[in-house]
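Peer 1: After the structure tokens below, expect a handful of questions from me.
The values are calculated or read from the model by the stated rules, or taken from the named source; none is laboratory data. This one's a predicted model, so the numbers in the text were calculated from it and none came from an experiment. Cβ placement follows ideal geometry from the backbone for every residue including glycine, while neighbour counts extend to all protein chains displayed. SASA here: full protein model, heavy atoms, side chains in, ligands and nucleic acids out. Shrake-Rupley method; radii C 1.70, N 1.55, O 1.52, S 1.80 Å.
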Amino acid sequence: MKLKDRLEKELDDLKLADQFRFLRQLTPDGTHSHLDGKPLLNLSSNDYLGLSAWPQLRREFYEQMEHTADDAFALSATSSRLLTGNHPGYLRLEDAVSQMYNNRDSLVFNSGYHANVGILPALTTRKDLILSDKLNHASIIDGIRLSEAEFKRYPHLDLDKLEAILQKESQHYDNIFIITESVFSMDGDIADLPRLVDLKEKYDAMLIIDEAHGVGVFGERGCGVCEEHNLIDKIDIIIGTFGKAFCSAGAYAVMDKTIRDYLINKMRSLIFTTGLPPVVVNWSRFVLGKTIKMQSNRNHLHSLAEKLRTGIRNAGGETCGKSQIVPYIVGSNTDAVKLAEKLREAGLMVFPIRPPTVPKGSARVRFSLTAAMTEQDIERILEIL
Ligand code: PMP
């Protein structure tokens with residue numbers, strides 16, 4: 001079939017299956033976002049600490065940075081970090097990340113997507129095996145696809161199955177890499193990191209944890225679920241993003257020095273892309289300094305999530321997870337689309353999440369909470385539901 005005909009047919013099929021995606025025009029406004037001129041409570045962002053609704057934080061950043069020697073507000077790195085783009089902000093940000101993570105080495109990337117499509121292809125060979133949770137994020141899957149290693153997926157969070165694969169396969173490969181998210185963004189559930197560390201040690205595997213939805217939100221200082229379990233030093237690579245709870249852009253990974261040096265030499269999504277603008281890198285460091293101390297905001301966020309989950313269950317609804325992400329599972333695509341539409345009409349910014357993002361038959365709307373929300377917001381959501 002010729003390209004145009006094929007694309008049009010596929011787009012029509014997506015529309016028929018209620019899976020057609022398009023870009024909405026939204027204007028953020030504190031905890032709300034304007035859609036078609038109407039303010040809706042934004043329950044679809046990853047701004048988990050609510051920092052985007054906090055303009056004085058931005059003002060404090062601008063004031064503080066005005067007095068630094070280098071051009072803190074520059075808007076372009078002008079080239080790759082490997083050429084002339086490695087401005088002083090990078091060094092300071094990586095220092096700050098390292099300090100947060102028990103002085104382990106760290107490396108900053110342009111995004112979590114860049115981190116995930118770059119790390120596995122750089123580190124693995126065809127004599128290695130990657131074991132990946134079945135619900136891992138698309139960026140992890142793309143990294144696996146780009147790598148030469150063999151891979152197997154284990155059922156979501158099923159560490160017995162993971163161990164069975166490790167038992168069977170660990171002798172046949174040079175290295176085994178286990179990769180999983182800590183907090184899963186579709187179900188809001190959390191991987192059992194202590195057991196993953198046990199398995200990694202027992203089978204001499206490398207463990208990579210993507211804490212995109214855990215950093216800022218979990219752990220005494222916001223290092224993520226790894227910090228809650230005191231496992232920062234036991235996980236080979238911990239990945240965090242700046243674009244979610246830290247309200248910035250970019251990502252980082254914590255690792256040992258050999259891996260860091262190797263990635264700088266071999267990781268294509270680090271080498272062959274323009275670095276992040278200094279202003280963004282400086283803002284990330286400023287925000288880290290603040291969020292380390294935001295334990296009460298984290299506690300508030302977790303109590304809001306618990307209130308919403310309990311409320312949904314008490315009303316006979318289906319939900320799951322243990323994090324700031326609270327799904328409301330309805331089943332069919334059509335029901336999810338209709339429910340999301342109704343909730344938007346009632347003032348809640350939610351969107352349907354459908355296969356292939358989630359397993360077939362588990363379409364849902366997802367409430368992504370932030371620490372800027374109040375108990376009253378949760379009560380309002382429950383009333384509307
Ligand atoms: N990892 C996970 C688990 C994610 O959910 C996401 C973004 N949704 C990413 C990585 C990508 O991060 P970024 O938005 O910084 O590219």
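Peer 1: State whether the residues of region 228-243 include one that is in a loop (DSSP other than H, G, I, E, B), crowded, with 24+ Cβ neighbours inside 10 Å and within 12 Å of the ligand (Cβ to nearest atom).
Peer 2: Scanning region 228-243 turns up at least one residue that is in a loop (DSSP other than H, G, I, E, B), crowded, with 24+ Cβ neighbours inside 10 Å and within 12 Å of the ligand (Cβ to nearest atom).
Peer 1: In region 363-373, how many are touching a Pro at 6+ places or on another chain (Cβ under 9 Å) and open to solvent by 20 Å² or more (accessible area, probe 1.4 Å)?
Peer 2: 1
Peer 1: To continue, here is another question. If a residue has to be more than 18 Å from N136 (Cα to Cα), part of a strand (DSSP E or B) and among the hydrophobic types (A, V, I, L, M, F, W, C) to count, how many in region 172-227 make the cut?
Peer 2: Qualifying residue count for the region: 0.
Peer 1: May I ask you to say which residue of T274, T334 is within 16 Å of the ligand (Cβ to nearest atom) and not aromatic (F, W, Y)?
Peer 2: Just one listed residue meets the conditions, T274.
Peer 1: To continue, here is another question. Considering region 189-216 alone, what residues qualify as being on the phi > 0 side of the Ramachandran plot and within 16 Å of the ligand (Cβ to nearest atom)?
Peer 2: G216 - this is the single residue of region 189-216 that is on the phi > 0 side of the Ramachandran plot and within 16 Å of the ligand (Cβ to nearest atom).
Peer 1: Against the condition closer than 21 Å to G219 by Cα and in contact (Cβ under 8 Å) with a residue 24 or more places away in the chain, how does N333 come out, does it pass?
Peer 2: Judged against the criteria, N333 is not a match.
Peer 1: Are there any pairs, at least 6 apart or on different chains, whose C-beta atoms fall under 7 Å, with the first in region 182-197 and in contact (Cβ under 8 Å) with a residue 12 or more places away in the chain and closer than 18 Å to E306 by Cβ and the second open to solvent by less than 10 Å² (accessible area, probe 1.4 Å) and assigned to a helix (DSSP H, G or I), and if so, which?
Peer 2: Filtered contacts from region 182-197: V183/V225; I190/V225.
Peer 1: Hey, another quick one. Considering only strands (runs of 3 or more DSSP E) fully contained in region 10-113, which possess at least 2 residues that are more than 16 Å from the ligand (Cβ to nearest atom)?
Peer 2: Qualifying strands (runs of 3 or more DSSP E): 26-29, 32-35, 38-42.
Peer 1: Now for a separate question. Kindly indicate whether any position in region 157-175 is within 25 Å of Y48 (Cβ to Cβ) and in the same structural domain as N282 (by TED's automatic domain parsing).
Peer 2: Yes, region 157-175 has at least one match.
Peer 1: Among the listed residues I140, I165, I208, I130, identify the single one that is buried (at least 21 other Cβ atoms within 10 Å of the Cβ) and over 27 Å from R366 (Cα atoms).
Peer 2: I130
Peer 1: For region 249-332, which helices (runs of 4 or more DSSP H) that fit wholly inside it have 2 or more residues that are closer than 24 Å to N103 by Cβ, at pLDDT 95 or above and under 19 Å from the mean Cα position of the chain (by Cα)?
Peer 2: 278-291
Peer 1: Can you name the residue in region 114-153 that is more than 10 Å from the ligand (Cβ to nearest atom) and free of Cβ contacts under 8 Å to residues at least 12 places away in the same chain and, of all such residues, is farthest from G243 (Cα to Cα)?
Peer 2: So the residue we want is R145.
Peer 1: How about region 30-72: which of its residues are in contact with a Leu (Cβ under 8 Å, 6 or more places away or on another chain) and among the hydroxyl-bearing types (S, T, Y)?
Peer 2: T31, S33, Y48
Peer 1: For the list (1) open to solvent by less than 60 Å² (accessible area, probe 1.4 Å); (2) in the same structural domain as I144 (by TED's automatic domain parsing), I need the number of the one condition that P55 fails.
Peer 2: P55 satisfies all of (1) open to solvent by less than 60 Å² (accessible area, probe 1.4 Å); (2) in the same structural domain as I144 (by TED's automatic domain parsing) except (2).
Peer 1: Another question, if that's okay. Take region 118-137 and flag every residue that is at pLDDT 95 or above, outside any strand (DSSP E or B) and aliphatic (A, V, I, L, M).
Peer 2: Once the filter is applied, which keeps residues that are at pLDDT 95 or above, outside any strand (DSSP E or B) and aliphatic (A, V, I, L, M), region 118-137 yields I119, L120, A122, L123.
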